[in-house]
Amino acid sequence: MTHHFEHNCEVLVVGTGPAGLVAALAMAQAGMATVAVGPAIDPARDTRTTALFTGSVALLKNLGLGALLCPAMVPMTGLRLIDDTGGIWRAPEVLFRAGELGLTEFGINIDNAALNTALLAAAHAQDGLQLVEGTVGSDFQSDDKGVTVKLGSGDTISARLIVGADGRGSLCRREAGIEASTSPYPQSAVATRFHHTRPHDGISSEFHRPAGPLTTVPLTGLESSLVWVETPEEARRLMALDEPAFIHALDHRLQGLLGAVTSIGPRASFPLTRMTADRLGARRIALIGEAAHVIPPIGAQGLNLGLRDIATLVELVTRARSLGADIGGDAILKAYDTERRGDVATRATMVDTLNRSLISDFLPLHLVRGAGLHALNTIPWLRRLVMREGLHPSGRMPALMRT
Ligand SMILES: Cc1cc2nc3c(=O)[nH]c(=O)nc-3n(C[C@H](O)[C@H](O)[C@H](O)COP(=O)(O)OP(=O)(O)OC[C@H]3O[C@@H](n4cnc5c(N)ncnc54)[C@H](O)[C@@H]3O)c2cc1C
């Protein structure tokens, strides 16, 4: 007879992607008996990089990950916006410097492989956190005491709160009975990295093109990462090109900004979609990261938003626990939804507006965007406001994100 384990914990994190692992570390460090479940992953398989803003970097450091992560963090000291729409009215180039806000950097860029490897190592070493390799199955059982899930192995886990970090196709979202509105964009992103002959000077550049933005983000030395948004047909064509032909196409697009492109890394393509869950929690399940919201890879918002979910949720749960309240109860889930809803909606709308203003054929939209860029070059307070808002939403900063 096979023997099945029954785990009991306070917080169960479903999904061990970046959001799930950070949530599990944060919950365990806040004193919650935590279990995290996810299938085995090879962190080195993800060849992308992630740009993280200052609040996200502070959160990772506050979780004690500085020593593991700092060597892999490449500072981002400037952001450049370039109008490459070829319209009749070309908007001016805008260059923001972190120094204008009295900061040394806007944030950092990090290899996903380095990030995921460090998170996994830290999670294995974390007291109060148990990592379980496996997949959670459907049909969660919940009542006023807790919620119980069954793994593919037949083991069961009971918790007071589930943190749903199981990505865009989230089972947790379905089990919570939460609907989501999804809208695909007629675009795909090609992500890769490349070497070039001119230094990037720590500046991330965003070319605004009719098919969508093309963004370069600094890596160590003469290397940058690339997210290139195109129509799905063009993305397929770019994916199929051999290396010299892809380098040629990229050289043409970058117009010599980083000198000549000398080599490229592995390419991966991602269809662009937008998804927002109607609510961020129900039935003892709180949704974080892409289980709660998917935003196209424009303006580096995705994981930054997910980390803000975590900082907020941990704060609410810690407070409830210290008051002897139910950490998975409706009051917490409602408060979490209220605190996060505005930020999620603002970011999704911001990215959507920029994206649509590019792909639209509607001239007034281009004029507004052009006028906006022009104003950003000439109105100092507006520049500072946009820079600050781009880094972190106005309003209260959760404790875990403070330096
Ligand atoms: C090209 C590209 C570039 C990007 N660049 C940036 C950037 O510069 N900055 C930024 O902030 N964001 C960026 N993002 C967004 C960022 O990558 C995502 O926000 C992030 O990866 C989402 O992490 P997650 O942990 O929420 O989800 P995922 O990484 O999808 O993790 C979900 C995990 O849950 C597991 N899972 C699923 N179902 C179950 C189950 N039933 N039981 C157990 N486990 C389960 C899965 O196996 C997976 O490991 C980018 C995205 C793309 C596509």
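Filter the range 272-302 down to the residues that are in a strand (DSSP E or B) and within 9 Å of the ligand (Cβ to nearest atom) and list them by number.
L272, H293, V294
Might you let me know whether the range 274-285 holds any residue that is in contact with a Leu (Cβ under 9 Å, 6 or more places away or on another chain), farther than 29 Å from P186 by Cβ and of a type in the set (D, E, K, R)?
Yes; the residues of the range 274-285 include at least one that is in contact with a Leu (Cβ under 9 Å, 6 or more places away or on another chain), farther than 29 Å from P186 by Cβ and of a type in the set (D, E, K, R).
Under 30 Å from G78 (Cα atoms), open to solvent by less than 50 Å² (accessible area, probe 1.4 Å), away from the ligand (no atom under 11 Å from the Cβ) and in contact (Cβ under 8 Å) with a residue 24 or more places away in the chain: is that true of V57 in this structure?
yes
Residues are listed down the side, and each one gets a yes or a no for (1) open to solvent by 70 Å² or more (accessible area, probe 1.4 Å); (2) within 28 Å of M27 (Cα to Cα); (3) touching a Ser or Thr at 6+ places or on another chain (Cβ under 9 Å); (4) basic (K, R):
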position	(1), (2), (3), (4)
G38	no, yes, yes, no
R45	yes, yes, no, yes
L79	no, no, yes, no
I82	no, no, yes, no
G99	no, no, yes, no
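Scan the range 314-336 and report the pairs whose first residue is of a type outside the set (K, R) and whose second residue is open to solvent by 50 Å² or more (accessible area, probe 1.4 Å) and at pLDDT below 95, with Cβ atoms within less than 7 Å and a gap of 6+ or a chain change.
E315/A399
Could you grab me the full set of residues in the range 138-195 that are more than 23 Å from G281 (Cβ to Cβ), over 18 Å from the mean Cα position of the chain (by Cα), open to solvent by less than 50 Å² (accessible area, probe 1.4 Å) and within 11 Å of the ligand (Cβ to nearest atom)?
Matches in the range 138-195: none.
Report those helices (runs of 4 or more DSSP H) wholly inside the range 318-403 carrying at least 1 residues which are modelled with pLDDT of 75 or more.
Ranges flagged: 330-359, 380-391.
Can you confirm whether T117 is in a loop (DSSP other than H, G, I, E, B) and either hydrophobic (A, V, I, L, M, F, W, C) or closer than 26 Å to L59 by Cα (or both)?
no
V35 fails exactly one of the following numbered conditions: (1) farther than 17 Å from C172 by Cα; (2) touching a residue at least 60 places away in the same chain (Cβ under 8 Å). What is the number of that condition?
With (1) farther than 17 Å from C172 by Cα; (2) touching a residue at least 60 places away in the same chain (Cβ under 8 Å) applied to V35, the lone miss is (1).
Pick from L25, L65: which is of a type in the set (A, V, I, L, M), over 15 Å from the mean Cα position of the chain (by Cα) and more than 14 Å from the ligand (Cβ to nearest atom)?
L65
Out of (1) assigned to a helix (DSSP H, G or I); (2) under 19 Å from S225 (Cβ atoms); (3) of a type in the set (D, E), what's the single condition that is false for E100?
Only one criterion is unmet by E100, namely (2).
Being within 16 Å of the ligand (Cβ to nearest atom), part of a strand (DSSP E or B) and over 23 Å from V11 (Cα atoms): is that true of I108 here?
Here the answer is yes, as I108 does meet what is asked.
If a residue has to be open to solvent by less than 10 Å² (accessible area, probe 1.4 Å) and either basic (K, R) or under 14 Å from the mean Cα position of the chain (by Cα) (or both) to count, how many in the range 6-22 make the cut?
Looking only at that region, the number is 3.
So I264 clears everything in (1) in contact with a Ser or Thr (Cβ under 6 Å, 6 or more places away or on another chain); (2) within 12 Å of the ligand (Cβ to nearest atom); (3) not polar (S, T, N, Q) except one condition, right? Which one?
(2)
The values are calculated or read from the model by the stated rules, or taken from the named source; none is laboratory data. Because the structure is a prediction, the values reported are computed rather than measured. For neighbour counting, all protein chains shown are included, and Cβ atoms are generated from backbone atoms with ideal geometry for every residue, glycine included. Ligands, DNA and RNA are stripped out before the accessible areas are found, and what is left, the full protein with its side chains, is counted by its heavy atoms. Shrake-Rupley method; radii C 1.70, N 1.55, O 1.52, S 1.80 Å.
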